[in-house]
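Below you'll find the structure, written out as structure tokens, and then a few comments.
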Amino acid sequence: MGTMMALRAHARGGPEQLVYEQATEPSAVPGEVLIAVHAAAITFAELTWDLEWTTRDGKDRTPIIPAHEMSGIVAGVGAAGLATGDEVIGLVDFDRDGAAAEYVVMPAASLAAKPQSLSHVAAATLPLAALTAWQALADHAALKPGERVLVQGGAGGVGIFAVQLAAILGGHVTATGHSADADFVRELGADRFISAEAGQTNQAAGEFDVVIDTVGGAVLDGSYSLLREGGRLVTLGAPPDQELAGRYKIHAMFFIVEPNAKELARLAEMAGTGKLRAVISQTFPLAEGQKAFESGQAARGPGKTVLVVR
């Protein structure tokens with residue numbers, strides 16, 4: 001069994017736990033694929049997720065490898081339908097080692113073809129962020145054409161895709177965010193922008209059919225009153241307060257994104273034709289992965305942070 005370079009955390013915590021070091025190269029079992037990673041997008045909070053540290057088959061997985069959305073090239077096949085050299089994207093299950101490494105192993109059933117028109121860096125932003133936005137809007141909120149939808153945090157990693165997909169699905173889209181991002185969010189397809197700094201969302205009480213909250217905390221607390229009776233609130237950071245939801249007579253739900261090759265292929269097709277825009281905030285080489293995670297505390301442009309592996 002060979003070795004590879006990887007970014008690993010030996011203990012739960014923040015970016016200070018990450019080490020760029022040599023690790024054992026994973027091997028694929030039947031039904032899985034070995035992928036040479038070219039780019040892996042990160043989520044700044046993932047080192048704090050319980051799911052990131054869960055055991056697999058009862059075994060402790062420490063040290064863990066983060067970054068669960070990847071774009072790469074098939075290096076070894078244990079499944080039909082794929083060939084060595086195929087360019088693929090995928091969302092790595094959270095109880096598996098992620099893609100902040102030279103190689104990753106994934107179930108073949110979770111993979112979609114990478115659009116030829118997209119770079120690996122751009123393609124790596126789709127599997128978690130775009131899939132989360134799609135599942136929030138289409139699967140959980142069941143957004144219908146003509147409905148009024150609010151995306152809380154329209155310039156964030158998931159928010160960018162939620163704004164675009166809500167418009168593609170025929171919604172009348174409003175987004176919140178920092179004032180500096182207003183024009184950018186409108187370019188993505190928002191009909192209207194509400195500045196988070198100005199606290200103007202109170203003026204929209206009872207206005208929306210659907211609210212997608214990508215921010216959490218006080219923003220989530222203020223989201224219940226923005227929905228009409230019977231409206232749908234989808235939260236991404238933490239489960240909603242069902243007592244509050246009952247008081248406002250709304251449906252409130254929380255979910256964790258799941259790999260779905262069919263949905264991912266649809267999103268990849270949209271991105272490949274330019275209908276869906278991938279936005280990259282910044283890139284770091286894999287060796288500077290710790291610095292990439294630390295950058296979550298600093299001011300940066302909208303979009304995803306991506307590790308360039310090859």
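Filter the chymotrypsin sites (Phe, Trp or Tyr not before Pro) in the range 36-109 to those in DSSP coil with at most 15 other Cβ atoms within 10 Å of their Cβ, and list the result. All intermediate terms of the calculation are to be shown ahead of the outcome.
Working: sites: PHE44, TRP49, TRP53, PHE94, TYR103; in loops: TRP49, PHE94.
Filter output for the range 36-109: TRP49.
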Got a number for the accessible area of HIS178? Probe 1.4 Å, square angstrom, nearest 10. 110
Would you mind listing how long the range 157-225 runs along its three principal axes, going by Cα atoms, in whole Å with the largest first? 27, 26, 21
Please list the equivalent ellipsoid semi-axes of the range 265-310, computed as the square roots of five times the alpha-carbon gyration tensor eigenvalues, in descending order and whole angstrom. 25, 13, 7
On the Cα set of the range 1-135, report Rg and Dmax in Å, please. 14.1, 41
Classify the chain as rounded, prolate or oblate from the Cα gyration tensor: take a ≥ b ≥ c as the square roots of its eigenvalues, call it rounded if a/c is under 1.5, otherwise prolate when a/b beats b/c and oblate if not. prolate
Using the Cα centre of the chain as the reference point, and only Cβ charges (+1 on K/R, -1 on D/E), how large is the resulting charge dipole? Debye, rounded to the nearest 20. 500
How many percent of DSSP beta bridges within the range 70-197 run antiparallel, rounded to 5? 45
Determine the share of the chain's accessible area contributed by carbon and sulfur atoms, expressed in whole percent, with a 1.4 angstrom probe. 50
Looks like the range 111-199, by Cα gyration tensor root eigenvalues a ≥ b ≥ c and the a/c under 1.5 rounded cutoff (else prolate when a/b is bigger than b/c, oblate otherwise), is oblate
Helix 157-168 against the longest principal axis of the chain: what's the angle in degrees, Cα atoms only, rounded to the nearest 10? 60
Suppose all protein chains stay in the model; what accessible area per residue would a 1.4 Å probe give for the range 25-124, in Å²? 37
Within the chain, percent of DSSP bridges classed antiparallel, to nearest 5: 55
Work out, step by step, the length gained on full extension between ALA298 and ASP50: first 0.36 nm times the residue separation, then minus their alpha carbon distance; give nm to one decimal. 86.9 nm
Once Rh for the range 201-240 is found with the Kirkwood sum over Cα pairs, what is the Stokes-Einstein diffusion coefficient at 4 °C and 1.567 mPa s, in µm²/s? 130
For the range 248-310, dividing by residue count, accessible area per residue (probe 1.4 Å) in Å² works out to 53
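The values are calculated or read from the model by the stated rules, or taken from the named source; none is laboratory data. Model, not experiment: these values are computed from the prediction. All Cβ positions, glycine included, derive from the backbone under ideal geometry; neighbour counts span all protein chains shown. Surface areas here come from the heavy atoms of the whole protein model, side chains and all, with no ligands, DNA or RNA. Shrake-Rupley method; radii C 1.70, N 1.55, O 1.52, S 1.80 Å.
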